[in-house]
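Written out below as structure tokens is the structure these notes cover.
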């Protein structure tokens, strides 16, 4: 499983990148043989009416297709956990029950 983290308007330390990767890999590890690539896109979205938000978008490229999951939270850790954990069941359903695309 290839793994890539992209960030926009956020400075990520090496330890933060490793923590994000560890969190997402933990959820997806049981599907490692079905997943080709995972892209985590983190973005800080400034707001005039409240605190800045962090968007965490997971793009999972699997043999059965592409799945995109997104969460918007006020801190990075919560955004990553919500995108990977809360939607872990969604990822499981999509990867386990979708038939591979016809070639």
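The values are calculated or read from the model by the stated rules, or taken from the named source; none is laboratory data. If you're wondering where the values come from, they're calculated on a predicted model, not measured in any experiment. Here the Cβ is made from the backbone with ideal geometry for all residues, glycine too, and neighbour counts use every protein chain on show.
Can you spot a residue in region 33-41 that is loosely packed, with under 13 Cβ neighbours inside 10 Å and in contact (Cβ under 8 Å) with a residue 12 or more places away in the chain? Among the residues of region 33-41, at least one is loosely packed, with under 13 Cβ neighbours inside 10 Å and in contact (Cβ under 8 Å) with a residue 12 or more places away in the chain, which makes the answer yes. If you go through region 22-71 and pick out every residue that is assigned to a loop (DSSP other than H, G, I, E, B) and either under 12 Å from residue 83 (Cβ atoms) or touching a helix residue (DSSP H, G or I) at 6+ places or on another chain (Cβ under 8 Å) (or both), you end up with 2. In region 1-21, the residues that are at positive phi and in a helix (DSSP H, G or I) form no Cβ pair under 7 Å with any partner that is at pLDDT below 95 and loosely packed, with under 10 Cβ neighbours inside 10 Å, whether six or more places apart or across chains. Scanning region 47-76 for residues being touching a residue at least 24 places away in the same chain (Cβ under 8 Å) and either out of contact with any strand residue (DSSP E or B) (no Cβ under 7 Å at 6 or more places or on another chain) or within 14 Å of residue 2 (Cα to Cα) (or both) gives a total of 7.
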